[in-house]
Amino acid sequence: MPLSEISLKTSRDKQWSDLAHKAQQGDARAYHRLLSDLMPFVRSVVAPALANEDMVDELVQSVLMSVHKALPTYSADRPFKPWLLSIVKFRKADLLRRYYKQAQREAVSLDALPENGALYVTKPHHAGEYKDIEAALGALSDKQRTVFTMMRIEGFTAKEVAEKMDMSVSAVKVSVHRTIQKLKEGGLDG
Amino acid sequence: MDDLIDKLGAELKPVRPLIAPSRRMSVWMLGVVIYMLVIASVIHFRADLFDLMQSPVMVVEFVLALLMAFVSGYAAFCLCAPDGYGRRWPVRGAFLLLALLSALLLAMFILSPEPIAHAHLQWHECVAKSLAFFVVPIGALTYMASKGASTQPKLLLGMGILSVSSMGYIALRLTCPDDAALHTVIYHILPYIFIGFVSGLLAQRFLRW
């Protein structure tokens, strides 16, 4: 590694360490700068290992919140980056564990599917099987239904939906989360 | 994301950095020693305590257990920070001491002339004593550890349990007059493995953050 790169990395660590130390003393401006600096760094660290942009966003958010909670455990006499990367690693494992657990729970064995599963809903004697879901979606507000349909059925990302609907990305995520909760409460989680 | 940063910034309050692990461990260990001495006094120390301390094997056993208690306790408090204070030697040291103590106990067990003697006489008493020596110190450690932010909560609890078990093991040896190897293994060690496992499962939830 070139000497200039090493010195850049060391100075960045020193800078983050100073900012964290000031943040511990209640300096909101230093804290804001620290979190703003950390965000692209954390993103660059986690992005290659995750499947999509939403997961990256979720993990970066989770890391920033963890940095906030763990701030008292940092001491200025230690390098900042190993402390931060431990949190990143921990939260990444947490996210992936939840992801795979959910994927496992939602997985359906091929044996459990009826023959010609793709044609299942088109058979006349199965008509109405999905009426509950349609009715539940119908009960949502127009905006909520549109956001949910775009993101969960049509496959748009949160960012794309946010742009189309003129909302913030976090508002889109909150809306989808609430819709899912509502559907679950209506007994549609199975 | 900017909203989140603004929100976190608005929530910022001055925080006091966590005290160094050596100091936190010293406070906890002092409490544990006092607590165990009080409990041991209530239970009564064994009558042949002075003779017991003349045995070199016993001294080695006690020194190893004491070292293990300190090193694994220190490891537990280091693990309260996400990066473990950048120190790996305490965990390695604790495992090394555990291996040495296990080897010593195994040798004592194999070489014991009458390993089965008195094995069933005091099991209720010793299991109850194990509980008495264990529950409060591990509860205190879990509480203190919950003030940190561990990224290895299982290892932290494992180290804590090892530390408390070592201290409890010494306390049991000082109060129980039965030195038979089988008795030691079944009633002085197995209860700690069992209680340690159960308490580890229970305590994990307190270390989530």
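So in the range B:55-99, with the set limited to residues that are closer than 30 Å to A:Leu84 by Cβ and charged (D, E, K, R), which one is farthest from the other protein chains (Cβ to nearest Cβ)?
Only one residue fits best here, namely B:Arg92.
Just to verify a result, which residue in the range B:120-137, among those that are of a type in the set (A, V, I, L, M) and in contact with a Phe, Trp or Tyr (Cβ under 8 Å, 6 or more places away or on another chain), is modelled with the highest pLDDT?
Only one residue tops the list, namely B:Val136.
I want to confirm something. Restricting to the range A:39-89 and keeping residues that are closer than 16 Å to A:Lys22 by Cα and in a loop (DSSP other than H, G, I, E, B), which single residue is farthest from the other protein chains (Cβ to nearest Cβ)?
Out of the qualifying residues, it is A:Asp77.
Please go through the range A:147-184 and give me each residue that is touching a Leu at 6+ places or on another chain (Cβ under 8 Å) and closer than 15 Å to A:Asp57 by Cα, ordered by number.
A:Ser170
Taking the range B:8-54 only, how many residues are loosely packed, with under 14 Cβ neighbours inside 10 Å, in contact (Cβ under 8 Å) with a residue 12 or more places away in the chain, assigned to a loop (DSSP other than H, G, I, E, B) and within 14 Å of chain A (Cβ to nearest Cβ)?
Number satisfying all stated conditions: 0.
Please tell me if B:Pro90 is within 28 Å of A:Lys89 (Cβ to Cβ) and assigned to a loop (DSSP other than H, G, I, E, B).
no
The values are calculated or read from the model by the stated rules, or taken from the named source; none is laboratory data. Being a predicted model, the structure only gives us computed values, none of them experimental. Note that we place each Cβ from the backbone using ideal geometry, even for glycine, and neighbour counts take in every protein chain shown.
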